[in-house]
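Right, one structure below, let's go through it.
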Amino acid sequence: MAEKTLEELALLVGGRVIGDGSKLVTGVATIEEAGPGDITFLASPKYTAFIKTTKASAVILPEERAGIEGPDKLVVKNPYMAFAEMLNLFRPTFMPPAGVHPNAHVHEKAVLGKGVSVQPFAFVDEGARLGDNVKIFPGVYVGRAVEIGDDTVIYSNVSIREGSKIGKRVIIHCNSVIGSDGFGYAKEGARYHKIPQTGIVRIGNDVEIGASVTIDRATVGETSVGRGTKIDNLVQIAHNVKIGTDTVIVAQVGISGSTKIGSRVTLAGQAGVVGHIEIADDCIVGAQSGVHNDIKKKGVFSGSPAIAHNVWLRAQAVISKLPELKKRLEDLERRIKEIESLEQ
Amino acid sequence: MAEKTLEELALLVGGRVIGDGSKLVTGVATIEEAGPGDITFLASPKYTAFIKTTKASAVILPEERAGIEGPDKLVVKNPYMAFAEMLNLFRPTFMPPAGVHPNAHVHEKAVLGKGVSVQPFAFVDEGARLGDNVKIFPGVYVGRAVEIGDDTVIYSNVSIREGSKIGKRVIIHCNSVIGSDGFGYAKEGARYHKIPQTGIVRIGNDVEIGASVTIDRATVGETSVGRGTKIDNLVQIAHNVKIGTDTVIVAQVGISGSTKIGSRVTLAGQAGVVGHIEIADDCIVGAQSGVHNDIKKKGVFSGSPAIAHNVWLRAQAVISKLPELKKRLEDLERRIKEIESLEQ
Amino acid sequence: MAEKTLEELALLVGGRVIGDGSKLVTGVATIEEAGPGDITFLASPKYTAFIKTTKASAVILPEERAGIEGPDKLVVKNPYMAFAEMLNLFRPTFMPPAGVHPNAHVHEKAVLGKGVSVQPFAFVDEGARLGDNVKIFPGVYVGRAVEIGDDTVIYSNVSIREGSKIGKRVIIHCNSVIGSDGFGYAKEGARYHKIPQTGIVRIGNDVEIGASVTIDRATVGETSVGRGTKIDNLVQIAHNVKIGTDTVIVAQVGISGSTKIGSRVTLAGQAGVVGHIEIADDCIVGAQSGVHNDIKKKGVFSGSPAIAHNVWLRAQAVISKLPELKKRLEDLERRIKEIESLEQ
């Protein structure tokens, strides 16, 4: 179990201590649940009142709140970052031990780096290349000639189809699917004939992919997700989609075929994007929105079809009053008719 | 194969027979497909006409329809409950035999109750505790120190990450994921840094979780689902969400982080709920609705953003007439302008 | 590696050559990426400019573009079909070898046709019947008495519950679930009691099912998907749903219980359909639409609740102007009041 003085923690995260720097910290907890030995964190201003009453030994705070009354303080620029480091230190994530378990199946022509873990009932096919310290949890399928970069973690029951290329320090959560066939057919009369999906999926470094996500391989060429992009659970990414770097895609979003999503974009939960369009860098698309056309300039968009967020907000405010407005319109019509009859 | 007299069935479900209580019943079927020996059930009033022509030996009916002409009757208070019991009796669900299959992997420090079944290619890690009669289907991943209560069934290819606590008589359908990392990042410049997700998921007794559902572990603390709550397929439940008891969550619903859903709530299909809000007990949220704000009082809500259902209904009725209303407004403007010019 | 003359390819797809029929073709690529030896394809008119500059040895074109300047041409009726055949020829999909791998589990009372492949960690239970050339990828669960027709491919980590009947030449992509329990409960007071789901799922010939799709078994009877229907990723199909032939269901669509979808229907991405209704043959339902009522006649529908697409389009065009229209209405009210006061 980790044990650090407050001063050691301050060095680690680049902060300063207000109070007793020699105090020992042995854990991390929420402000309501923390006890002696714990360091805690102000997750939202609405918990400020708890700072006075928390049993934590120390609290992480931003500079602008350094003056608040409470326990000893670790004052930092970015409290979220410091909190993340505390969690890494005091509550390390479980990882399986290195080595190929005898109940795993690794093809003799697969190439494994140093420190790789392949757990029971995982399958690694011919020509696959796994970098150093890759962790393959139980039940994972790694198809032919799949490449996985150093320090990547693939959780249980993930399927990675042949030829996919996964970067370094990628995390893929349980039961996701990388490289499934794109949804492409040639129509002949009423019948659909499968267009073989012969391309691949390429996932950049430091990407995180949630649970039960599906990312289809390209028809020809690549479906790609750029460095540092984060994808939440149950997201659908169709064939030949290209996603930039540091983009955030929230749960249950769907992106249709051949669409290009820029860098630093946010697609909020359950949003949908039609095929063959582009969304510019730095755009934010609201939850449940439907993007039907190119978005060529940075902005915030909502609704289905999506429009500028502030226009959408004002329109939504009127919608619940529509029945009343209709009545007022009918009333005006009646009154004008009356006036018109008088005029004659 | 089960075989019961109508009188025995009446005792079982607390009903009364109209007709021949000694008649043998050997199966259960829909009113259209039933044959001799079958008992059937009036699923909806629109099938009432079939009662006269059904070939079933008996029909389950509520008291208010006891007088209908037709085959022998089993009259009960709650026909759905009686139907469920008939299906349990005549069409038992397949369950695998007790015992740990030699092709399963159970860690030597896992603890298994009586009558547990662990099927081939299932993985049960160190410190896991499985109660009596737990059924683990093929390909299931049970992580470190997971606890599973008596009589719980985990279907094939489910993933349950370390530390999750699953109650008694829970059913988790194929390929669902319990305890995947929440979607939490600290931002530094344009880049996202992972906040470790170190909490757990707690599932209450008698919960049922559909296929390909994802329930994320808490950052710190617990994501929890209360006793008796029923969750349909492809639902997303984010980190630190708390769900009450006897709540119903229909397919493809998404619930964002730290939100609290009350007890006896219904969230209809494809609805979405933003993070950090509360939905009160006994609320009903319509299909595809988007809840953006706290709902503090019981009620029925629809739309995105969600508003009172009856207001939404009336507004929707106007929406298809908007182009016509716009024209009428323009017509009024023209006429008033004319009147105004006359006035001068 | 395949190698064909342009003339041989023309015979294969029923087209004609403009240029050198003896030219050798060794691959297929996109118009931008193609090099010498490749045949390419005009995927969309907006790429027409590339025909002059492509390095491809030949290009597939429809009759109406046969006159365009460029490389040698393969002129066909249906370029998409020809493109699909080229991909099949030059870029064959990976398939595992025939045979039951020693790390697979096949029950002694399962029946396997000729050329069947059962890969490591796949599980095939008692009474299952697999037709000739069926491919079962790693980690697949095939329950009791499941029937799978000739030439069907089941990708990794798919779960097929007991009794399901899968046709010939079906493709089921990774991690999908066939035959999970329907979402059915009898309510007693505030509590829900499970109604056993005792029916099956039947999948017709030539159906393709995407990744992480869920298709629930019927309560009693069958949930069915008709011949040639294509289902994209993350689609939910509830118990007792019946889907016709040659229907297309795009990603993340949800269809509620007992609903009937006709033949040659298109349900676009993220659309939802409530339970116990019917959608007629040849209908098109737009992305994110919500169908709440029977659709009895062929047509195009959008919105939630869904209405005729052209009406919806016109209404949507007005929505962003609602705040302005409200102001104009208020202006009229003010002006009429003034006129009325003058009239008195």
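Residue C:82 - would you say it is farther than 30 Å from residue C:136 by Cβ and either outside any loop (DSSP other than H, G, I, E, B) or touching a residue at least 40 places away in the same chain (Cβ under 8 Å) (or both)? Yes: the conditions hold for residue C:82. Taking residues in the range A:86-106 that are touching a residue at least 60 places away in the same chain (Cβ under 8 Å), and partners anywhere that are in a loop (DSSP other than H, G, I, E, B) and surrounded by 18 or more Cβ atoms within 10 Å (Cβ to Cβ), the pairs with Cβ atoms closer than 6 Å and at least 6 places apart or on different chains are A:91/B:198. Has the range A:3-19 got any residue that is within 23 Å of residue B:193 (Cα to Cα), facing another protein chain (nearest Cβ under 9 Å), buried (at least 17 other Cβ atoms within 10 Å of the Cβ) and small (Gly, Ala, Ser)? No, because not a single residue in the range A:3-19 is within 23 Å of residue B:193 (Cα to Cα), facing another protein chain (nearest Cβ under 9 Å), buried (at least 17 other Cβ atoms within 10 Å of the Cβ) and small (Gly, Ala, Ser). Residues of the range A:143-161 that are within 26 Å of residue B:160 (Cα to Cα), touching a Lys or Arg at 6+ places or on another chain (Cβ under 9 Å), of a type outside the set (Phe, Trp, Tyr) and within 14 Å of chain C (Cβ to nearest Cβ): A:143, A:146, A:154, A:156, A:161.
Among the residues examined, residue B:220 qualifies as at pLDDT below 95 and more than 12 Å from the chain's Cα centre (by Cα).
Listed here are the residues, each with its yes/no results for (1) crowded, with 23+ Cβ neighbours inside 10 Å; (2) touching a residue at least 12 places away in the same chain (Cβ under 8 Å); (3) more than 8 Å from chain B (Cβ to nearest Cβ); (4) under 18 Å from residue C:152 (Cα atoms).
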residue: C:173; (1), (2), (3), (4): yes, yes, yes, yes
residue: C:185; (1), (2), (3), (4): no, no, no, no
residue: C:191; (1), (2), (3), (4): no, no, no, no
residue: C:203; (1), (2), (3), (4): yes, yes, yes, yes
residue: C:209; (1), (2), (3), (4): yes, yes, yes, yes
residue: C:220; (1), (2), (3), (4): yes, yes, no, no
residue: C:225; (1), (2), (3), (4): yes, yes, yes, yes
residue: C:232; (1), (2), (3), (4): yes, yes, yes, yes
residue: C:236; (1), (2), (3), (4): yes, yes, no, no
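Yes/no matrix, rows are residues, columns are (1) charged (D, E, K, R); (2) out of contact with any Lys or Arg (no Cβ under 8 Å at 6 or more places or on another chain):
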{"site": "B:230", "(1), (2)": "yes, yes"}
{"site": "B:247", "(1), (2)": "no, no"}
{"site": "B:254", "(1), (2)": "no, yes"}
{"site": "B:271", "(1), (2)": "no, yes"}
{"site": "B:288", "(1), (2)": "no, yes"}
{"site": "B:294", "(1), (2)": "yes, yes"}
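On the stretch given as the range C:248-269, residues that are outside any strand (DSSP E or B) and either of a type in the set (Phe, Trp, Tyr) or at negative phi (or both) total 11.
Screening residue C:133 with (1) out of contact with any Asp or Glu (no Cβ under 6 Å at 6 or more places or on another chain); (2) more than 9 Å from chain B (Cβ to nearest Cβ); (3) surrounded by fewer than 21 Cβ atoms within 10 Å (Cβ to Cβ) gives one miss only, at (1).
Can you pull out every residue in the range B:314-333 that is polar (S, T, N, Q) and more than 10 Å from chain A (Cβ to nearest Cβ)?
Going through the range B:314-333, the residues polar (S, T, N, Q) turn out to be B:316, B:320.
Answer for the range B:314-333, where residues must be polar (S, T, N, Q) and more than 10 Å from chain A (Cβ to nearest Cβ): just B:320.
Report whether or not residue A:74 is of a type in the set (A, V, I, L, M), touching a residue at least 24 places away in the same chain (Cβ under 8 Å), farther than 27 Å from residue B:160 by Cα and buried (at least 19 other Cβ atoms within 10 Å of the Cβ). Working first, answer last.
Working: of a type in the set (A, V, I, L, M): yes; touching a residue at least 24 places away in the same chain (Cβ under 8 Å): yes; farther than 27 Å from residue B:160 by Cα: yes; buried (at least 19 other Cβ atoms within 10 Å of the Cβ): yes.
For residue A:74, the condition - of a type in the set (A, V, I, L, M), touching a residue at least 24 places away in the same chain (Cβ under 8 Å), farther than 27 Å from residue B:160 by Cα and buried (at least 19 other Cβ atoms within 10 Å of the Cβ) - is met.
Can you find a residue in the range C:305-313 that is in a loop (DSSP other than H, G, I, E, B) and either free of Cβ contacts under 8 Å to residues at least 60 places away in the same chain or at the interface with chain B (Cβ under 8 Å from one of its Cβ atoms) (or both)? Yes: one or more hits.
The residues in the range A:100-118 that are surrounded by 13 or more Cβ atoms within 10 Å (Cβ to Cβ), closer than 21 Å to residue B:126 by Cα and either more than 29 Å from the chain's Cα centre (by Cα) or in the same structural domain as residue A:26 (by TED's automatic domain parsing) (or both) can be counted, and the count is 4.
From the set of residues in the range C:26-36 that are more than 12 Å from residue C:87 (Cα to Cα) and surrounded by 18 or more Cβ atoms within 10 Å (Cβ to Cβ), which is modelled with the highest pLDDT? Before you say what the answer is, go through the steps one by one.
Applying the first criterion (more than 12 Å from residue C:87 (Cα to Cα)) to the range C:26-36 yields C:31-36.
Within this subset, residues satisfying the condition of being surrounded by 18 or more Cβ atoms within 10 Å (Cβ to Cβ) are C:31, C:34.
Numbers: C:31: 87, C:34: 91.
Among those that are more than 12 Å from residue C:87 (Cα to Cα) and surrounded by 18 or more Cβ atoms within 10 Å (Cβ to Cβ), it is C:34.
Scanning the range B:91-130 for residues that are small (Gly, Ala, Ser), out of contact with any Gly (no Cβ under 8 Å at 6 or more places or on another chain) and away from chain A (no Cβ under 14 Å) yields a count of 2.
With respect to residue B:147, is the statement that it is under 29 Å from residue C:101 (Cα atoms), surrounded by fewer than 24 Cβ atoms within 10 Å (Cβ to Cβ) and of a type in the set (D, E, K, R) true?
Details: under 29 Å from residue C:101 (Cα atoms): no; surrounded by fewer than 24 Cβ atoms within 10 Å (Cβ to Cβ): yes; of a type in the set (D, E, K, R): yes.
No; evaluated as a whole, the condition is false for this residue.
Note on the range B:285-304: among residues that are within 11 Å of chain A (Cβ to nearest Cβ), out of contact with any Leu (no Cβ under 9 Å at 6 or more places or on another chain) and of a type in the set (S, T, N, Q), the one that is farthest from residue A:330 (Cα to Cα) is B:288.
Suppose the filter is more than 23 Å from residue B:142 (Cα to Cα), away from chain B (no Cβ under 14 Å) and of a type in the set (Lys, Arg); does residue A:77 pass it? Answer is no for this residue.
Select from the range A:89-99 the residues that are assigned to a helix (DSSP H, G or I) and either in contact with a helix residue (DSSP H, G or I) (Cβ under 8 Å, 6 or more places away or on another chain) or surrounded by fewer than 18 Cβ atoms within 10 Å (Cβ to Cβ) (or both) and list them in ascending order.
Within the range A:89-99, the subset assigned to a helix (DSSP H, G or I) is A:89-90.
If the condition is that a residue be assigned to a helix (DSSP H, G or I) and either in contact with a helix residue (DSSP H, G or I) (Cβ under 8 Å, 6 or more places away or on another chain) or surrounded by fewer than 18 Cβ atoms within 10 Å (Cβ to Cβ) (or both), then A:89 is the only one that fits.
Entry remark, the range C:225-236: residues being in a loop (DSSP other than H, G, I, E, B) and either out of contact with any His (no Cβ under 8 Å at 6 or more places or on another chain) or under 21 Å from residue B:84 (Cα atoms) (or both) number 7 in total. If you go through the range B:237-247 and keep only what is closer than 14 Å to residue B:265 by Cα and not in a loop (DSSP other than H, G, I, E, B), you end up with B:242, B:243. If only residues of the range C:334-344 that are more than 10 Å from chain B (Cβ to nearest Cβ) and under 60 Å from the mean Cα position of the chain (by Cα) are counted, the one that is farthest from residue A:323 (Cα to Cα) is C:337. For the range C:265-276, the candidate set comprises residues that are buried (at least 18 other Cβ atoms within 10 Å of the Cβ) and more than 16 Å from residue A:275 (Cα to Cα); within that set, the residue that is farthest from the other protein chains (Cβ to nearest Cβ) is C:265. In the range A:239-252, how many are farther than 24 Å from residue A:168 by Cβ, under 17 Å from the mean Cα position of the chain (by Cα) and more than 10 Å from chain B (Cβ to nearest Cβ)? Residues in the range A:239-252 being farther than 24 Å from residue A:168 by Cβ, under 17 Å from the mean Cα position of the chain (by Cα) and more than 10 Å from chain B (Cβ to nearest Cβ): 0 in total.
A residue that is among the charged types (D, E, K, R) and under 32 Å from the mean Cα position of the chain (by Cα) can be found somewhere in the range C:42-51.
The values are calculated or read from the model by the stated rules, or taken from the named source; none is laboratory data. Just so you know, these numbers come straight off a predicted model, no measurement behind them. Neighbour counts are summed over all protein chains in view; Cβ atoms, including those assigned to glycine, are modelled from backbone coordinates with ideal geometry.
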